[in-house]
Structures are given as C-alpha cells and as structure tokens.
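The values are calculated or read from the model by the stated rules, or taken from the named source; none is laboratory data. Because the structure is a prediction, the values reported are computed rather than measured. Just so you know, the surface numbers come from the protein's heavy atoms only, side chains and all, with ligands and any DNA or RNA stripped out. Shrake-Rupley method; radii C 1.70, N 1.55, O 1.52, S 1.80 Å.
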Amino acid sequence: MKEKELSERKKVILKALVEAHIEGGEPVGSKYIMQNNLLTCSSATIRNEMAELEQMGYLVQPHTSAGRVPSELGYRFYVDSLVEQYAKTTTEVVQINQLLKAKMAEIDQILETASRLASSMTNYTGIAIKPKASSATMQKFEAVSIDGNNFAILMITSGGVVKTKKVKTYSQISAEALKKLGTLMNEYLCGLSADMITLPIIMEMESAMGEAAFLVNPSVKAVYEVMNELDGGEMKYSGINHLLKYPEYSDTQQFGQLLGTLENQEEILDLVSKNQSDEINVLIGSESPVQVMNNSSLVFKPIKKNGKTIGVIGVLGPRRMNYKQVLSTIEEITGSISTMIDGETSTEKQITEKGEGNGGE
C-alpha cells in the first residue's frame, strides 16, 4: 500500500499514532486523537479509519488492548513523511561546531567522534563505519626517517585518509635514499590497487633505487598491509548502554545476539558497503537483512569526498525510535563533516596552485 493511497485524515491519524507510540510505547486508541484535538470528526469516524488502517497493514491491534500500535509499514510511512529538516537546539549546534573545530587529521578519528556525538544527541547507539572497498588506492607517499635503521611511510589514500607504517631495516638508510624511495613510490604506485602492483613494477623500482634496492620490498609490503586494512572496512559504535533503557532489549538472549553482530561487524559492514545511495537510509525491522535486527531500526548516511564514500554515520535503536530527532541529527552531523572536508579540499587545492605558481621563482 503506497502513501498516496491514504486520505489526509488517515495520514493525520497514522502520524499521530506513530508519534504517540514512540513517546509512550503503549497501544494508542481513538481517545488520544480526540483529546489532542487532531481532527474535528467524531470518535466513531476515527475508530473506523483506524480499523481501515489496520486492514491496510499500517496498524496492529494487540489482543490485550483496544488500542493499536504501528506495524513496520506504519513506521515506513512515518519515516518517508519526514521530508523537512528540523532545527537543532543550541546545545546540539554547539556540539556540532566543536566537531568542526577539532580539525582532526584522520577520518577514522572524525568518524569515531561523530559516533559518540550521534549517541549522546539521540540516546541510542551511534555507529561509525569505514565501508569495505574493492580497490583501495593511494594518491601520495612520503618516506620519513626515524633513526639510522628505521623509517616510516606516510600514505594518503584516494579518500583522503592518512596512514603511516613503520619499516625496519638492518642497513643504514641515507636521507638521499629515502627521498628517492618516496619519489619512486609516487611515480610507480599512486593510483594502483594492491592487485595492480605486480612483480615487474617492483623490479623496476629496485633497479631505479640502485644500492638502496633493499628498501623496496619492505616498503611495498607495508603498502599492501595498509591497503588490506582499508579494503576490509571497520565499524565502531558508541552508547550501546542506551539500548538497555528500552523494553525491546529486555530479552538478554536477543540482546546478546545483537551485541555479537556488532562485535563481529561483517554483516553490517556488508550491508552498508553494498549500499550505493547518497541519501540517508532507514531500515526498519525486517527490512534489514541482518536477522537479529528485526526488532531494531538502523539509520545511516554516507560521507563522500570526490565521489567516493569515505565513511558512514548511523544510529541503531528500537523500531519506535524518535525518527524526527535521529534523521535531523544524522543530517546535521554528516553535513557538518562534509562541509569541513570540502573546505579542507579547497584549501589544499589553493596551496597546491600557489606552490606551482611559485615554482619558477
């Protein structure tokens, strides 16, 4: 049943019942509509409308109550009807501004902070995900000396994530060799995925390095390791204790299964990584392919840079979560991070252009 097939009266009743159930968790009847003066029609008319909504699959009537509760279809109608953005309170705006001012270098740190922020702002579980990637690539390398026998490789991924890897050798490393190594890595490895870094490429790099050819193999190995980490994806969550406040999670066995899924990560990582939508996503109950989340809702939205998803911010909570607040929170947080990333990208571009312009001086 599509939303457009509902009359305006049914829409008012259904929206009111969903919000009342989210607020109180109990079945709601026609008396609630009458007491709150939501409609001017009679209580009999409202009861008839509610009965029709039940027949259409939007409401469910428990055997022990004269009231009704929303079905998943009812929640879906409610979520789809939330098209406007909601203003944040002053406190929430301050929290978002603090996130912007953090200016963290690593996107995973930004995502982790955003996860905690989403949890504290909604009283549900905040989730931060770096999705799985089929072909992680690097856009810049730099080799930096640590001491005579150790150096670090700084890598900037195509998504703007900064990674470092320590490399140990048993021979002395000169500054000239490290500089040359960085130059060759940028020349040969930038833009290549792990399966594209072949033996002929490695041999060419060794030949170009001359006496310092021993640096190539451990350096390429370090690049492989980082690429594998990036391809595997990662999920962090905050505020799992918030879920214990809701009766939906009072069953210890079911809650333990949900915890196990969060710890294992794979199912949720696969779910998010396969999703190609740029918009906010809402999975209500059984809409999620993750079986242990049948009694929960998952709201998430990707953060993109140069057309690629570099992270996902989400909220996990009961089906009767406060969707208004959650949708608004996710939009605000992801929007703030995207603005920060776009601003940094613009600044980096200006610096690069300035540097290129001064090259001949």
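Taking the 1.4 Å solvent-accessible surface of the chain as the whole, the part contributed by carbon and sulfur is 49%.
For the pair N37 and S145, the difference between a 0.36 nm per residue extended length and the Cα-Cα distance amounts to 31.6 nm. The candidates H63, H242, arranged from most to least accessible area with a 1.4 Å probe in the full protein assembly, appear as H63, H242. Accessible surface for S43 stands near 40 Å², nearest 10, in the context of the full protein assembly shown (1.4 Å probe).
Values of log10 I(q)/I(0) for segment 6-71 across q = 0.20 Å⁻¹ run -0.70, by the Debye formula with one identical scatterer at each alpha carbon and no solvent. Taking each DSSP H run with n ≥ 4 as -39500 (n - 2.57) and averaging over every residue of the chain yields -15500 deg cm²/dmol at 222 nm. Note on exposure: Y170, Y75, Y188 ranked by accessible area (1.4 Å probe, complete protein assembly) read Y170, Y188, Y75, with the most exposed listed first.
Full extension of the chain segment joining E225 with S286 gains 18.3 nm, where the gain is 0.36 nm per residue of separation less the Cα-Cα distance. For the chain, the solvent-accessible area of protein heavy atoms averages 51 Å² per residue (probe radius 1.4 Å; ligands and nucleic acids excluded).
Which whole-number percent of Cα pairs in segment 115-253 have a distance greater than 18 Å? Summing the P(r) of segment 115-253 above 18 Å gives 62 percent of all pairs.
Pairs of Cα atoms nearer than 8 Å and 6+ residues apart set the relative contact order; for the chain it is 18 percent. What the Cα convex hull of the chain gives, in volume per residue, is 183 Å³.
Phi angles of segment 306-315 translate, via the Karplus equation with coefficients 6.51, -1.76, 1.60 and θ = phi - 60°, into HN-Hα couplings of 6, x, 10, 6, 9, x, 9, 10, x, 9 Hz per residue; Gly and Pro are given as x. The angle between the Cα long axis of helix 107-122 and the main principal axis of the chain comes to about 20°, on a 0 to 90 degree scale.
For the set K165/K324; K221/K304; K10/K274; K11/K304; K140/K301; K179/K236, the pairs lying more than 31 angstrom apart at their alpha carbons are K165/K324; K10/K274; K11/K304; K179/K236. Expressed as a fraction of 2.2 N^0.38 Å, the value expected for a compact globular protein of N residues, the C-alpha radius of gyration of segment 169-323 is 1.52.
Taking every pair of alpha-carbon atoms in segment 264-330, give the share separated by more than 15 Å as a whole percent. Considering segment 264-330, 51 percent of its Cα-Cα pairs are separated by more than 15 Å.
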